[in-house]
Amino acid sequence: MDHYEVLGVERDASQDQIKKAYRKLARELHPDVNPAEDAEERFKAVTHAFDVLGDPEQRRNYDMGGASGFGGMPGFGNMGDVFDAFFGGGQSRGPQSRAQRGNDALLRVDIELVDVIFGGDREIEVDTAVLCDTCNGTCCSPGTSPQRCDVCGGSGSVQRQVRSLLGNIVTATPCGSCRGYGTTIAAPCPTCAGHGRVRARTTLDVNIPAGIETGQRVQIRGVGEVGEAGGPAGDVYVEFHVTPSEVWARQGDDLLATVQIDMVDAIRGTSVTLEALDGEVTVEIKVGAQSGDVVVVKNRGIGHLRGSGRGDAKFGIQVLTPSKLSAKESKVIDEFANLRPASAPHLTEHRQGLFAKLRDRFFTA
């Protein structure tokens, strides 16, 4: 329907006449004061007509037939328009889609060292943008749909003639009425306010890869924010942070720990069963073990991030020497000392501290 007819004015009406006609009809047709069945639809038509005719530039484009009309513009114009005109810019490329890809998201997830031995799955609750259930991404109220723009005729752009040094050229610019979409939404969805998406809390299934390290990220495609107008969802990047253990350290895919043993066990040797992160592990202490020795248990470390298999578990030995002895223990030690060849204390090469020595042996074992 012609916008001038909707407002009841002549085509040569002034802007003030158009404004007065709109205000008069708006007061008469507003749904709050007019109970007639067609009042709401007529009110929307009047409002849309005024949106177009009340703007001088949009009115001029409408009067000239939308995309087929030409408007005058003095001066040389924008040089970008000039090049666009000669290299394709003068032709309309069609309306742009309202549907836009959603943003990517970054999640930081704290995990324990035990989680990276074999990997696993975890459910994480996140606040994100999801598809609107009311309009299913159309942005319109139920029962309605986008309407073709009256200004650009659905092309999404309007043309104008520009005088330049090269003569008169025609450029295409996005339509100001529909913002380049080619359609307008007279009745936006009441749930999403015409965005096609809403904020909601959802559950995301995250796979924890075996062998993942702090700071490494995993990309999960298509589970991020839903885009405007129900556009495709973005991706989620999950960045892992492995919480340090009080007992276990990590070097690559190897697990490191220190085992304290009694002096007697160091002399005789023993077998120790310990509780590891993934169950019990048996550590064989050889006869005559020294502080700083490292016992390696194969394939009890962390699963490899790329490929199969696991690293090793490495146990540094720390021999505990008793600081107090009973009279009976002292007698036994004296007897033991008498059985050993005499060896007076003497200077020898400098030896680094236990933990430094363990560190070097851990990394070379």
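All of the numbers you see were taken from the coordinates with simple rules; none came from a lab. Only a predicted model underlies this, so the values are computations on that prediction, with no experimental measurement involved. Because the Cβ atoms are built from the backbone with ideal geometry, glycine has one as well, and the counts that use them run over all protein chains shown.
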All alpha-carbon distances of segment 131-287, grouped into 10 Å bins from 0, give the whole-percent distribution 9, 18, 17, 13, 13, 10, 8, 6, 5, 2, 0
Rounded to the nearest Å, the spacing of the alpha-carbon centers of segment 1-45 and segment 202-244 is 52 Å
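Compute the whole-percent fraction of alpha carbon pairs in segment 258-322 spaced more than 19 Å apart.
Working: 735 of 2080 pairs.
That tail contains 35 percent of the Cα-Cα pairs.
Assuming 1.306 mPa s and 10 °C, estimate D for segment 1-54 with Stokes-Einstein, Rh taken as the Kirkwood radius over Cα pairs, in µm²/s.
Details: Rh = 11.0 Å.
D, rounded to a whole number, is 144 µm²/s.
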Mean separation of Cα contacts under 8 Å (at least 6 apart) over the residue count of segment 249-364, i.e. the relative contact order in percent, is 28 percent
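Expected output is a single nm value to one decimal: the length gained when fully extending between Val247 and Arg148, i.e. 0.36 nm times separation in residues minus the C-alpha distance. What is it? The partial results should precede the final answer.
Numbers: separation 99, 0.36 × 99 = 35.64 nm, distance 6.82 nm.
Going from the current span to full extension adds 28.8 nm.
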Of 253-259, 301-307, 338-344, 276-282, ordering from highest average Cβ density within 10 Å down gives 253-259, 301-307, 276-282, 338-344
By the Cα gyration tensor axes a ≥ b ≥ c (a/c under 1.5 gives rounded; else a/b larger than b/c gives prolate, otherwise oblate), the shape of segment 249-364 is prolate
Mean Cβ-within-10 Å packing, highest first, puts peptides 40-50, 100-110, 320-330 in the order 40-50, 100-110, 320-330
